[in-house]
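Notes to accompany the following structure.
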Amino acid sequence: MIDRGISMKEVELAIKGGSKFRQAPDKLVSEYGYFSVVYKKIKDVHYIITVKPRW
């Protein structure tokens, strides 16, 4: 995430307001602006798996 120039605030915005779809039974992808966030949600906690630019 840091190597790609994406801040934690941008990741939070992506999770809250991005376009979401399910990647696997337990993973979600949120697309936002120029990047995507892959994460898991367990109860009220979001676990970031990866952040990648969208080409």
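Counting each DSSP H run of 4 or more residues in the chain as -39500 (n - 2.57), what helix-only mean residue ellipticity at 222 nm follows after dividing by all residues, to the nearest 500 deg cm²/dmol?
Taking each H run of at least 4 residues, the total per residue is -5500 deg cm²/dmol.
Calculate the spin-label point distance for W55 paired with S7, positioning each point 7 Å from the Cα along the beta-carbon direction, and give it in nanometres.
The answer from the label model is 2.7 nm.
Would you list, by chain and number, the aspartates and glutamates whose Cα falls below 13 Å from the Cα of K52, excluding same-chain residues fewer than 8 positions away?
D3, E10, E31
Two-decimal Rg/Rh of the chain from alpha-carbon positions, Kirkwood Rh?
Expressed as Rg/Rh, it is 0.93.
Measure nothing but the geometry: give the 0 to 90° angle between the long axis through the Cα atoms of 8-17 and the longest principal axis through the Cα atoms of the chain, rounded to 10°.
50
Positive end of the charge dipole of the chain (Lys, Arg +1 and Asp, Glu -1 on Cβ, about the Cα centre): tell me which of A24, I2, T50 has its Cα farthest that way.
Of A24, I2, T50, it is A24.
What list do you get for S30, S19 if you sort them by fewest beta carbons within 10 Å?
S19, S30
Using a 7 Å offset from the Cα along the Cα-to-Cβ direction at both V38 and K16, what is the distance between the two label points in nm, to one decimal?
Rounded to a tenth, the inter-label distance reads 2.5 nm.
Which order do peptides 33-43, 3-13 fall in by mean Cβ count within 10 Å, highest first?
Per-residue Cβ counts within 10 Å, averaged per peptide and sorted highest first, yield 33-43, 3-13.
Any idea what the dipole of the chain comes to, in debye rounded to 20, about its Cα centre with Lys/Arg Cβ at +1 and Asp/Glu Cβ at -1?
Dipole of the chain, to the nearest 20 debye: 160 debye.
Just so you know, all these numbers are worked out from the coordinates, no wet-lab data involved. All of these numbers come straight from a predicted model, not from anything done at the bench. When we count neighbours, we look across all protein chains shown, and the Cβ atoms used for this are built from the backbone with ideal geometry, even at glycine.
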